[in-house]
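A quick write-up on the structure given underneath.
The values are calculated or read from the model by the stated rules, or taken from the named source; none is laboratory data. All values reported here derive from a predicted model rather than from experimental measurement. Quick reminder, even Gly has a Cβ in these numbers, built from the backbone with ideal geometry, and neighbours come from all protein chains shown. Just so you know, the surface numbers come from the protein's heavy atoms only, side chains and all, with ligands and any DNA or RNA stripped out. Shrake-Rupley method; radii C 1.70, N 1.55, O 1.52, S 1.80 Å.
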Amino acid sequence: MVQTSQTNIIRRDTAEARQIRCVVSGMRPTGALHLGHYCGALQSWVDLQTQAQQCFFMVADLHALTTADDVATIAPSVEEMVRDWLAVGIDPTKAVIFRQSAVPAHAELALLLAMHTPLSWLERNPTYKEQLKEITSRDLKTYGFLGYPVLQAADILLYKATVVPIGEDQIPHLELTREIARRFNYLYKTELFPDCEALLSRTPRLLGIDGRKMSKSYDNAIYLSDSKEKVRAKVQRMFTDPQRIKMTDPGHPEECNVYSYYQVFVPSSQKHKEVYDWCSGAKKGCTECKGTLADHILNVLGPLQEKREKFLKEKNRIKDLLNEGAKKAKILAQKTMAEVREAVF
């Protein structure tokens, strides 16, 4: 019987004091990156480059095949996404940046782990159930989509990651990885795969402009590449306090998505108090409040977009660093697979 336990969660304020051995994370190249990616993952990645002994940041193109509306968009999305990574501060001299499909060991380990992963574990995955219900534009009833948590486990276990930066909604996914690792270790009487811990980002969950999870699928995201005009238009469409009908009505900032964005994109606690006072005291209307928020978001996006434009001029840089990253990733991946084959066969 495999013993289960709740995933240990590392908070951002304690991560710097820890000695982190290995970090693994990745993103699917399915289009433009949005503020949810920036706050939920990329800021943590930048910090972890100086806190961990090893960082592996993966372009998860195999995962992208499970949900892409048009698979032809995956290849061109790879370089676009990596440019965004570089623009926010991911440094290929401090982290291994590579393409998942360039390291065949990911698929091989996923197949071996799948042989011992109960179907019920995959069917209870909350994201699987949620997306089957929410996304009707494409057929998600495939073996690949049901089994993607096994491939995700392989991504993590292949490098024996000790810490995985995630958002709160991904904690069940990481616990499934831990269960798969423990089951493998139990069946083959080995201690090959260590337990990994979750590292919550500074902003574990940033909602979309409609109040739901920010997602390309829901068309409710503000993208890192959005123009000033688009950012302002999207912010003006954001849901606010439903109880505040007129400008003279006192608002409830703690229930307003716009106020939650202020807490993320405006570092000054004094400004937070000021905005809270605007709303709760009915001193300013929602339109003016949103306009000020848009200014702060653009202050964050402006420098990133300028850096991204510089990387556009370096035509072969992305391809070269991905190839070099794959070479580095293969060294550790092949070592792990040799140990896996010895245990299994």
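General remarks:
- Here r is the Cβ-Cβ distance between E288 and Q53 and R0 is 51 Å; the resulting FRET efficiency, rounded to 0.05, is 0.60.
- Sparse packing (at most 11 other Cβ atoms within 10 Å of the Cβ) combined with a DSSP loop state is found for the following trypsin sites (Lys or Arg not before Pro) in the stretch 294-345: K313, K315.
- The chain - percent of accessible surface contributed by carbon and sulfur, probe 1.4 Å: 52 percent
- Anchor K141: lysines whose Cα lies under 29 Å away (excluding residues fewer than 8 positions away in-chain): K129, K133, K213, K216
- Taking each residue as 0.36 nm, the span from T142 to E175 lengthens on full extension beyond its C-alpha to C-alpha distance by 9.6 nm.
- Spatial extent of the chain: Rg and Dmax, with the Cα atoms as the point set, Å: 21.3, 73
- Set of lysines with alpha-carbon distance to K330 below 24 Å, sequence-local pairs under 8 removed: K94, K160, K319
- Fully extending the segment from D219 to D277 would add 17.7 nm, taking 0.36 nm per residue of separation and subtracting the current Cα-Cα distance.
- The stretch 24-132: trypsin sites (Lys or Arg not before Pro) in DSSP loop, at most 12 other beta carbons within 10 Å: R124
- Rough spin-label spacing in nm, given labels placed 7 Å along Cα→Cβ, for E229 and A75: 3.3 nm
- Distances between placed amide hydrogens fall under 5 Å for E197 paired with V163, V164, all partners being 5 or more residues away or on another chain.
- Between helix 171-187 and the chain there is an angle of about 10 degrees, using the helix long axis and the longest principal axis of the Cα atoms.
- A simple spin-label model places pseudo-atoms 7 Å from Cα toward Cβ; at E168 and I245 they are separated by 3.1 nm.
- Highest mean packing first, where packing is the average number of other Cβ atoms within 10 Å per residue, the peptides 33-41, 286-294 line up as 33-41, 286-294.
- Angstrom value of the Kirkwood radius, inverse mean 1/r, which spans all Cα pairs in the stretch 276-334: 15.6 Å
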